[in-house]
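These notes are about the structure you will find just below.
Laboratory data are not the source of any read-out in this text; all were calculated from the coordinates shown. The structure presented is a predicted model; accordingly, all values stated were derived computationally and were not measured. In this analysis, Cβ positions are derived from the backbone assuming ideal geometry, glycine residues included, and neighbour counts consider all displayed protein chains.
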Ligand code: SAH
Ligand code: SF4
Ligand code: F3S
């Protein structure tokens, strides 16, 4: 088990030393209660994370706190004494899965009465969701939103003391969960949040409502954590934020994002740097130059364009145009010819016409992305787009969606075929599930290659030559 503790505390933005001291005291009290309740063996905690890497990083902090409370982490919820789902609200499908999985806990809980069931994260930050949980899922003991993560020990204490169910979905200003213990899922790949929240209010998106306003961690705190990650032996750091390009805006104790990349790049050690997500409106040539100049920063840019139509982009409040997006891509390829580009796309935004959707397809053909995350528009309660007329039926949007997938698959399979015979340095990540003795490595461009090898190679860099491309799945062999 590995712990990386961020020692420096931010004195501003409401995260006070006092709160941290209080929470440390609550951890002690929880530990005491648990040692009385489970005198012979450690209680077990199961944490499941939905949604983006920001949520994964939050869960790693929650797991850090759980470990300090005396919980052992388990992968089996059936045997757990504490079950937590860290939820996502970005699309309806994400929420439906949570309701389904919470419902499935009911029989487990009725067998195991003292099991604590807790829900947290973006979905819970919505009042209507918390209300539904309160009414329809009475076996849920604890619900807390994204603004309460730094108060988790206190909430656990109140839950364990019994009596009332505990709900905390209060919106607090400027919460920066600084100083919390972290239990990372991987020993060689680390998530490093550099900012929280979002100010952009893209009209389809729930994130600004459930995550609050954008706030950057102090550069000093980010660098301290990066150094600790490197010292722990990690091979890859991914900097996280909803819009990393605007890191440090309007904050005195922060540098800008390009400079942050340079500073992290200067930390001695053999590690890769990645970051996400970039917003095209704030992605500058300066950032692309910094990427090109920093040898540890991988040649991969995830730059969501969402739509290829200027009218739709405007209705989405994205604040860039097709032309300015393509200009950025062109510049990125000029300064980094081998750059791998990935993106997010939404099909069926309210009022989008088939002709406008065709503009999305033409942009995809023009850029030839390595891969795409594709979504059918999902109305989110409280967002502007949810109130717009949406005349195209879902069945029609599904047809467009299939067309989009087909277009991208054709591009990806041609791109993959082009890599056969080439050698890439990969970070070996895991064994493949499908076949024994096969490993998966990730290239700098964020492409997976499967190759035969022993599990001792996991967590190391290896050179792998691509021997076969089947559609968009690459197979290779060790080059050494
Ligand atoms: N901050 C990132 C994206 C975060 S959400 C950015 O601005 O790029 C990840 C992706 O989910 C978005 O890029 C978008 O493509 C998709 N998404 C967000 N809200 C959605 C909705 N209501 N319906 C469908 N897809 C959505
Ligand atoms: Fe959502 Fe837009 Fe913010 Fe991304 S930038 S999280 S899509 S509001
Ligand atoms: Fe989902 Fe929240 Fe991330 S809504 S995508 S978990 S910021």
**Complete:** In degrees, nearest 10, the alpha-carbon axis of helix 53-69 is tilted away from the dominant principal axis of the alpha carbons of the chain by 30 degrees
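Compute the orientation-averaged projected area for region 423-478 from the convex hull of its Cα atoms and round it to one decimal in nm².
Details: hull surface 13.5 nm².
Result: 3.4 nm².
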**Request:** Kindly put 399, 18, 151 in sequence by how many other C-beta atoms sit within 10 Å of each C-beta, fewest to most.
**Result:** 18, 399, 151
**Per residue, the convex hull volume that the Cα atoms of region 353-451 enclose (Å³)** = 164 Å³
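Stick to Cα atoms and the Kirkwood definition of Rh, then tell me Rg/Rh for region 199-316.
Details: Rg = 15.3 Å, Rh = 15.4 Å.
Using only Cα positions, Rg/Rh for region 199-316 is 0.99.
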**Whole-angstrom Cα spans of the chain along principal axes, big to small** = 62, 57, 50
**Request:** Can you tell me the FRET efficiency between residue 266 and residue 111 if r is taken as the Cβ-Cβ distance and R0 is 45 Å, rounded to the nearest 0.05?
**Result:** 0.25
**Request:** Note down the nm distance, to one decimal, between modelled labels 7 Å out along Cα→Cβ at residue 468 and at residue 174.
**Result:** 5.8 nm
**Message:** Once you place label points 7 Å from the Cα toward the Cβ at residue 374 and residue 409, how far apart are they in nm?
**Reply:** 0.8 nm
**Cβ-Cβ FRET estimate between residue 323 and residue 186, R0 fixed at 56 Å, reported to 0.05** = 0.90
**Request:** Treating each Cα of region 273-316 as an identical point scatterer and ignoring solvent, apply the Debye formula and state log10 I(q)/I(0) at q = 0.18, 0.25 Å⁻¹.
**Result:** -0.60, -0.91
**Request:** Find how many whole Å separate the alpha carbon centroid of region 257-314 from the alpha carbon centroid of region 15-91.
**Result:** 33 Å
**Prompt:** So what's the back-of-envelope 222 nm ellipticity for the chain, counting only DSSP H runs of four-plus at -39500 (n - 2.57) apiece and dividing by all residues, rounded to 500?
**Reply:** -11000 deg cm²/dmol
**Fill in**
Under Stokes-Einstein, region 134-260 at 25 °C and 0.890 mPa s, with its Kirkwood radius over C-alpha pairs, diffuses with a coefficient in µm²/s of 147 µm²/s
**Kirkwood Rh in Å, taken over all unlike Cα pairs in region 20-168** = 15.3 Å
**Share antiparallel - DSSP beta bridges, the chain, percent rounded to 5** = 35 percent
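So between residue 314 and residue 438, what do we pick up on full extension, going 0.36 nm a residue minus the alpha carbon distance?
Gain in length upon complete extension: 40.0 nm.
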**Request:** Kindly rank 459-467, 142-150 from highest to lowest mean number of other beta carbons found within 10 Å of each residue.
**Result:** 142-150, 459-467
**Message:** Students often get this wrong: which residues of region 42-75 have the backbone nitrogen under 13 Å from the point 7 angstrom along Cα-to-C-beta of residue 101?
**Reply:** 46-52, 55-56, 59, 75
**Item:** Label-zone membership for region 221-263, site residue 17, 7 angstrom Cα→C-beta point, backbone N under 20 Å
**Value:** 221-222, 224-225, 253
**Prompt:** On the first, second and third principal axes, largest extent first, how far apart are the outermost C-alpha atoms of region 186-242 in Å?
**Reply:** 41, 22, 13
**Request:** Over the alpha-carbon set of region 189-417, work out the extent along each principal axis and list the three values in angstrom, largest first.
**Result:** 54, 44, 28
